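These notes concern the structure reproduced below.
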Amino acid sequence: MVIRDVLDLGELAAFSARAADQRVSTLALAVSAMTATTLELAGTPLRTVFPVHSRHEDRWHDSVGWFITNSVLESADEDPRACSAAVKEAIRLGSWPLADLMKPWGGMPEQPGMFAVSWLDLRRLPVRIDTAGLDAQYVGAAIRTHGVMLWFIIDDSGVHLRCRYPDTHEARRNVGAWLDTLVARMRELAAGGSSPAAGARMVP
């Protein structure tokens, strides 16, 4: 498990202000950074499993739980407005039950090598918890994985990134380069500059 502190509170405010100037969400600007990073390092669009909220009816308002479903986020254009549209499309897709749609093709596919990105803004929760005062810790299972999973966690101290990927030379090189470039790009956007160029390309 790799943990990165991406933006402090001041940098997060600047990053969000830049997103607002372009009339997109902070998430959309982060997707723009991920899209640009993926295009530069891998030469392909960003395509990831993306958990989204899937319970919006009134009957769920007094419930307690983690109501999400896995959608697909695909972004081939790093323009923040295009990324905003891609996020909205992923959210709409997550509102459709796909099991019945996939049934004629043998059900939902289960393939190794999944790439997934989760965006969790703790500031939007209906309760506030003093995580610093409580010295709160995130606990994850120790498992063998065939894919790459990223968790963006936004709280009152800034943006943090947790990443789990296979412990192989190829994964360490490629995922490490992707994370380094993404973090640098997000910091540069927060500082008001243009996105920095990638330092290295991924190897096949």
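Scanning segment 102-135 for residues that are aliphatic (A, V, I, L, M), without any contact (Cβ under 8 Å) to a residue 40 or more places away in the chain and either open to solvent by 100 Å² or more (accessible area, probe 1.4 Å) or within 26 Å of V175 (Cβ to Cβ) (or both) yields M108, L120, L122, I129, L134.
S16 falls short on exactly one of the conditions (1) open to solvent by 10 Å² or more (accessible area, probe 1.4 Å); (2) in contact (Cβ under 8 Å) with a residue 40 or more places away in the chain; (3) in contact with a Leu (Cβ under 9 Å, 6 or more places away or on another chain); (4) not aliphatic (A, V, I, L, M), and that condition is (2).
Of the set (1) modelled with pLDDT of 95 or more; (2) surrounded by fewer than 19 Cβ atoms within 10 Å (Cβ to Cβ), all apply to S157 but (1).
In segment 3-20 there is at least one residue that is touching a Phe, Trp or Tyr at 6+ places or on another chain (Cβ under 7 Å) and at pLDDT 95 or above. The requirement of being more than 14 Å from V159 (Cβ to Cβ), among the β-branched types (V, I, T) and assigned to a helix (DSSP H, G or I) is not satisfied by T48. Residues considered: D167, D180. Of these, the only one that is modelled with pLDDT of 95 or more and open to solvent by 60 Å² or more (accessible area, probe 1.4 Å) is D180. Restricting A28, A33 to those that are touching a helix residue (DSSP H, G or I) at 6+ places or on another chain (Cβ under 9 Å), under 25 Å from N70 (Cα atoms), without any contact (Cβ under 8 Å) to a residue 60 or more places away in the chain and assigned to a helix (DSSP H, G or I) reduces the list to A28.
Within segment 62-84, the set of residues being in a helix (DSSP H, G or I) and either polar (S, T, N, Q) or loosely packed, with under 15 Cβ neighbours inside 10 Å (or both) comprises R81, S84.
The values are calculated or read from the model by the stated rules, or taken from the named source; none is laboratory data. These figures come from a predicted structure and were not determined experimentally. Ideal geometry is used to build each Cβ from the backbone, glycine not excepted, and the neighbour counts take in all protein chains shown. Heavy atoms of the whole protein, side chains included, go into the accessibility calculation; ligands, DNA and RNA do not. Shrake-Rupley method; radii C 1.70, N 1.55, O 1.52, S 1.80 Å.
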